[in-house]
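The values are calculated or read from the model by the stated rules, or taken from the named source; none is laboratory data. All figures in this text were calculated on a predicted structure; none of them were measured in a lab. Cβ placement follows ideal geometry from the backbone for every residue including glycine, while neighbour counts extend to all protein chains displayed. Side chains included, ligands, DNA and RNA excluded: accessible areas come from the protein's heavy atoms. Shrake-Rupley method; radii C 1.70, N 1.55, O 1.52, S 1.80 Å.
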Amino acid sequence: MAIISLITWFHWQRPLMRGDPLLVGEDRLSRFDLISGNNERFCDFEADNPITRSNDARTDRYGSLWLSSMGKAAEKGAGSLYRLHRGKLTRLRSGLTIPNALCFSANGKFAWFTDTVTGVMMRWALDNDGRPKGGPTPWADFSSTPGNPDGAVVDSEGCLWLASGVRVKWYA
């Protein structure tokens, strides 16, 4: 077993076509070579904004990586939502505080996310290539219930499981 220092904070990884992981770091996406131990910068991710860091990430059925940023001290409106598709990183939304709960329908027709501080889960229709169509719409409002929406996943039967505070909720 080897321990390798990555120099920066990373919180998520996704295997690439050749098997090496793509790491989501505080201010960059990096390719990590499992054989050599080299960490190669793939692209910057809000590297010019010292108050933000990466927060959540999930891969959709089209192989696109959706990821978010937030303020290191949860600064209001400092966060954004992105999609990395075929090597191109595109900002989908800005002005978010704590974007979380990224998940997708099994058929690839919808994406969900929340800005945790609002308590509202948003649903976004996707086209046949997984690109968002129009804008997201409110799907469920949890602002009057204890806990805030955080992590989420959609199971094979199409039910959304949502972590909220110390509970996990199920929605058909």
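Points worth noting:
- Positions within segment 134-144 being in contact with a strand residue (DSSP E or B) (Cβ under 9 Å, 6 or more places away or on another chain) and either touching a residue at least 12 places away in the same chain (Cβ under 8 Å) or surrounded by 11 or more Cβ atoms within 10 Å (Cβ to Cβ) (or both), in sequence order: P136, T137, P138, W139, A140, D141, F142, S143
- Leading residue by the ranking (farthest from D127 (Cα to Cα)) among those in segment 57-82 that are open to solvent by 10 Å² or more (accessible area, probe 1.4 Å) and in a strand (DSSP E or B): M70
- Residue, most open to solvent (accessible area, probe 1.4 Å), within segment 91-114, restricted to residues that are in contact (Cβ under 8 Å) with a residue 12 or more places away in the chain and closer than 10 Å to S80 by Cα: R93
- Count of residues meeting criterion [more than 17 Å from Y82 (Cβ to Cβ), at pLDDT 90 or above and assigned to a loop (DSSP other than H, G, I, E, B)] in segment 134-152: 1
Residue by residue, here is whether (1) open to solvent by 40 Å² or more (accessible area, probe 1.4 Å); (2) at pLDDT below 85; (3) outside any strand (DSSP E or B) holds:
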site	(1), (2), (3)
I3	yes, yes, yes
L6	yes, yes, yes
W12	yes, yes, no
L29	no, no, no
I35	yes, yes, yes
R41	yes, no, no
A47	yes, no, yes
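- Conditions (1) among the hydroxyl-bearing types (S, T, Y); (2) touching a strand residue (DSSP E or B) at 6+ places or on another chain (Cβ under 6 Å); (3) without any contact (Cβ under 8 Å) to a residue 60 or more places away in the chain; number of the one not met by S156: (2)
- Those residues of segment 115-133 which are polar (S, T, N, Q) and in contact (Cβ under 8 Å) with a residue 24 or more places away in the chain, in sequence order: T116, T118
- Matching option when the condition is closer than 19 Å to R61 by Cα, open to solvent by less than 80 Å² (accessible area, probe 1.4 Å) and more than 19 Å from the chain's Cα centre (by Cα), among G151, G147, G158: G158
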